[in-house]
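Everything on this sheet refers to the single structure shown next.
The values are calculated or read from the model by the stated rules, or taken from the named source; none is laboratory data. Keep in mind the model is a prediction, meaning the values are calculated, not measured. Every residue, glycine among them, receives a Cβ derived from its backbone with ideal geometry; neighbour counts consider all protein chains shown. Just the protein is used for accessible areas: all its heavy atoms, side chains included, with ligands, DNA and RNA removed. Shrake-Rupley method; radii C 1.70, N 1.55, O 1.52, S 1.80 Å.
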Amino acid sequence: MRVLIAEDEPTLAEHIADGLRDAGMAVDVAPDGADALAKVGVNAYDVLVLDRDLPVLHGDDVCRALAGRADAPLIIMLTAFVELADRLDGLAMGADDYLGKPFAFDELVLRVRALGRRGRSQSALLRRDSIEMDTLRRTVWRDGQPIRLTAKEFAVLEALMVSDGAVVSTEDLLERVWDENTDPFTNTVRVTMNRLRRKLGDPAVIETLVGSGYRLP
């Protein structure tokens, strides 16, 4: 899952970004509404965590600009405006969820994951061959045996499982699992894939298609 955080308070923005990254998400940060719209125009985000009171371009205007666009991420407003009328206004202008500040971080993670699954019409339980994954509880089994994965390994495996047998390129994985600061020439995908293969064990289930990418057949 790739997430954009639009938040003008740098410490809070990085706190949220670090927490979502620890939860296995690829996260970018925009310090104002104009930058948020520009990033949405370039990158394919699943979810936008949108502060309502943004500089340059107000969060409400960002929300209205994205409402109804087929390529727009789902939006969760994260704001100090917490009265019922504020929540109704936010939802009416196109937000998909609304969470007031201060907030419990675990709740934010669950809401972001729920929006991500909703955007992809994805069940929390995924199965492919001998592998089972629970994206809500962040657990993986192969042939009934639990497998412990890092956040990035889990995210790579999830990307392969939701592709339903289609090839996923290295570029796609960098886009969906890492973030805009990742060097496109890095070997991090190959290294992560090798670790994931070792943990999944034999017989190997991830195919490499030279020049194309990876897939779970």
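When residues in the range 64-88 are screened for being hydrophobic (A, V, I, L, M, F, W, C), open to solvent by 20 Å² or more (accessible area, probe 1.4 Å) and at pLDDT 80 or above, 4 of them pass. The residues of the range 1-11 that are crowded, with 22+ Cβ neighbours inside 10 Å, over 18 Å from VAL156 (Cα atoms) and not charged (D, E, K, R), listed by number, are LEU4, ILE5, ALA6. Cβ-Cβ contacts under 6 Å between residues 6 or more apart (or on different chains), taken from a first residue in the range 1-23 that is closer than 21 Å to LEU174 by Cα to a second residue that is among the β-branched types (Val, Ile, Thr) and open to solvent by 10 Å² or more (accessible area, probe 1.4 Å), are listed as ILE5/VAL29; ALA17/VAL29; ALA23/VAL109. Of the residues examined, ASP172 is not one that is more than 24 Å from VAL40 (Cβ to Cβ) and acidic (Asp, Glu). The set of residues in the range 12-34 that are out of contact with any strand residue (DSSP E or B) (no Cβ under 7 Å at 6 or more places or on another chain) and either within 14 Å of ALA72 (Cβ to Cβ) or surrounded by 20 or more Cβ atoms within 10 Å (Cβ to Cβ) (or both) comprises ALA23, GLY24. Somewhere in the range 36-51, is a residue of a type in the set (Asp, Glu) and either surrounded by fewer than 16 Cβ atoms within 10 Å (Cβ to Cβ) or closer than 17 Å to TRP178 by Cα (or both)? Yes: one or more hits. Annotation note: of LEU125, LEU91, LEU136, the sole residue that is modelled with pLDDT under 90, open to solvent by 50 Å² or more (accessible area, probe 1.4 Å) and touching a Phe, Trp or Tyr at 6+ places or on another chain (Cβ under 7 Å) is LEU91. Please work out if ALA65 is without any contact (Cβ under 8 Å) to a residue 24 or more places away in the chain and more than 30 Å from THR139 (Cα to Cα). Taking the combined requirement at face value, the residue does not satisfy it.
Among the helices (runs of 4 or more DSSP H) confined to the range 1-99, the ones with at least 1 residues that are over 30 Å from THR150 (Cβ atoms) are located at 33-42, 59-66, 84-92.
Restricting attention to the range 57-94 and to residues that are touching a Ser or Thr at 6+ places or on another chain (Cβ under 8 Å) and small (Gly, Ala, Ser), the residue that is nearest to VAL29 (Cα to Cα) turns out to be GLY59.
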